[in-house]
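The values are calculated or read from the model by the stated rules, or taken from the named source; none is laboratory data. The structure presented is a predicted model; accordingly, all values stated were derived computationally and were not measured. Heads up, the Cβs are rebuilt from the backbone with ideal geometry, glycines too, and the neighbour counts pull from every protein chain shown. To get the accessible areas, we keep the full protein, side chains included, count just its heavy atoms, and leave off ligands, DNA and RNA. Shrake-Rupley method; radii C 1.70, N 1.55, O 1.52, S 1.80 Å.
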Amino acid sequence: MSDHSYEVSVQWTGDRGTGTSGYRDYGRDHDVRAAGKHDVQGSADPTFRGDRDRWNPEELVLAALAQCHMLSYLHVAVTEGFTVVAYEDRATASLNVNRDGSGELTEATLHPVVTILEADRVADAEAAHARANALCFIARSVAFPVHHVPSTEIRGAD
C-alpha cells in the first residue's frame, strides 16, 4: 500500500467591503488553487446566493466522481483487453437540504456512453463499470450511492 497526499488552497474573494456583516452583504466567490495548475473559480449554488457562472462544491464533487470513474474504466478496459475509442458522461446528483440548513448529496448517477471497437465485447464493456466503480477512489470515499446507467456503442456500427 502507498499513501499519497494532496494540497489545495481556497481563498474567499467575496468581501464586498463589509465582510460578513449580513447574509446578503457578502459574495460566495472563491478561488481554488493547487500548485502548477489553473485556478478554479468557485461559488455557491445560485439558490444559496452564489454566482451561476462559477463552479459550486456540489458540481465539483460530481465532476470528481465522473472523472474518477472514467479514469478507472479506461484502466479496466486495458486490463480486460477491449479498446475504448470514445467516452462521454452526463452525470447528475441530488442534494437534500434539511430544515436546519444542513444538507447532503444523497446520490449520484453517471451516464457514461462508451464507444469500443470490438462488437463481441459489449457485455464485457458494460460489466467493466462495476469493476471501475470498485476501483474509483472518489466513489469509495463518498457517503452516498453512485449509480451507473451505461451505454456502449461500437465504432462503425450503424
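Listing for the model above:
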| item | result |
| --- | --- |
| Within the chain, percent of DSSP bridges classed antiparallel, to nearest 5 | 70 |
| Gain upon complete extension [LEU71, TYR87; 0.36 nm per residue less C-alpha separation] | 4.7 nm |
| Residues whose placed amide H lies under 5 Å from that of ASN56, excluding near-sequence neighbours | SER43 |
| Principal-axis tilt of helix 57-80 within the chain, Cα atoms, nearest 10 degrees | 20 |
| Inter-label distance, nm, simple model (7 Å from Cα along the C-beta direction), THR79/LEU95 | 3.4 |
| Interchain or long-range residues, amide H under 5 Å from LEU95's placed H | THR106 |
| GNM flexibility winner over the chain from GLY36, GLY14, GLY50 (Cα, springs under 10 Å) | GLY36 |
| Most to least accessible of TYR87, TYR73, TYR23, TYR6 (protein chains only, probe 1.4 Å) | TYR6, TYR23, TYR87, TYR73 |
| As computed over the chain, the Cα convex hull volume per residue (Å³) | 165 |
| Neighbour net charge for HIS30 - beta-carbon separation under 12 angstrom, K R +1, D E -1 | -2 |
| Pair ALA130, GLU58: separation of 7 Å Cα→Cβ label points (nm) | 3.1 |
| Residue among ASP53, ASP100, ASP89 with the largest mean-square fluctuation in a Gaussian network model of the chain, springs linking Cα atoms under 10 Å | ASP100 |
| Separation in nanometres of the label points that stand 7 Å from Cα toward Cβ, at ALA143 and ARG49 | 2.6 |
| Rounded to 10°, Cα long-axis angle of helix 122-135 versus longest principal axis of the chain | 40 |
| For the range 1-114: relative contact order, % (alpha-carbon pairs under 8 angstrom, 6 or more apart) | 14 |
| Positive minus negative residues near HIS129 (Lys, Arg vs Asp, Glu; Cβ under 12 Å) | -3 |
| Diffusion coefficient, µm² s⁻¹, Stokes-Einstein with Kirkwood Rh over alpha-carbon pairs of the range 1-54 at 10 °C and 1.306 mPa s | 125 |
